[in-house]
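The values are calculated or read from the model by the stated rules, or taken from the named source; none is laboratory data. Here the structure is a predicted model, which is why all the values come from computation and not from measurement. Counting neighbours? That spans all protein chains shown, and the Cβs are built from the backbone with ideal geometry, glycine included.
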Amino acid sequence: MRIIFSLVLFFSVWLIPSVIFAQNSNAQQRTQEIVSLLSKTKYQLKAQRGVSKEKYKSVRSEPVTYKNTADYSGLYEVPSAGYSLEIKISANGEIAATGSESKDGDASQGRKFTFRNSKIDGALLTATKVYDDGSTEKFEGVFINQINIEGTSPTQIERQSTTFGLGVADVRVKTASGVNLDKLFYQKK
């Protein structure tokens, strides 16, 4: 009897942390995938008639994790696409979110949505968007600091700024100017 109890205890102590770790590592892995899609670097060197001109631009994204998830509450906007998202997180961690999306950058032809089954795991926000017409769509975003760096080269930086917001990848959005976007940065207002 003691042997059986010892084996059950051993396997339960061994299995429970591995299940929890696997769930955490999946969220961390997806967070890193999205962050890498939101980061980019460009470097140009133009030489004409013996004169060279360098241009460097980098957009880095770093996940932001708050211990108090209510700190993520607020209004987030993508002005260039006419998208907005208001997130409210109660003291007990319950997430309520409403938003709107424009059609081809025209907010008057947009559609509204709410979140269902919302969850924050680290910096990763997952939910199901439920539109006014009842249709649904998966939503995944990462709370990030977006760091914009500009200069003539990676070693000669002229400007640097950091903005907090929600980064979303794997989307298809057309702006009013006709530009197609495959990722969005909802800046916190």
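Points to keep in mind about this one:
Condition check ((1) free of Cβ contacts under 8 Å to residues at least 40 places away in the same chain; (2) part of a strand (DSSP E or B); (3) among the hydroxyl-bearing types (Ser, Thr, Tyr); (4) over 22 Å from Glu33 (Cβ atoms)) across all residues:
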{"site": "Arg159", "(1), (2), (3), (4)": "yes, yes, no, yes"}
{"site": "Leu166", "(1), (2), (3), (4)": "no, yes, no, no"}
{"site": "Ala169", "(1), (2), (3), (4)": "no, yes, no, no"}
{"site": "Arg172", "(1), (2), (3), (4)": "yes, yes, no, no"}
{"site": "Ser177", "(1), (2), (3), (4)": "no, no, yes, yes"}
{"site": "Asp182", "(1), (2), (3), (4)": "yes, yes, no, no"}
{"site": "Tyr186", "(1), (2), (3), (4)": "no, yes, yes, no"}
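- Number of residues in segment 48-101 that are assigned to a strand (DSSP E or B) and either touching a strand residue (DSSP E or B) at 6+ places or on another chain (Cβ under 8 Å) or modelled with pLDDT of 95 or more (or both) equals 31.
- Taken together, the criteria place Leu38 among residues that are touching a Phe, Trp or Tyr at 6+ places or on another chain (Cβ under 8 Å), surrounded by 11 or more Cβ atoms within 10 Å (Cβ to Cβ) and under 15 Å from Gln187 (Cα atoms).
- Enumeration of residues in segment 141-189 that are surrounded by fewer than 14 Cβ atoms within 10 Å (Cβ to Cβ) and under 15 Å from Thr31 (Cα atoms): Asp170
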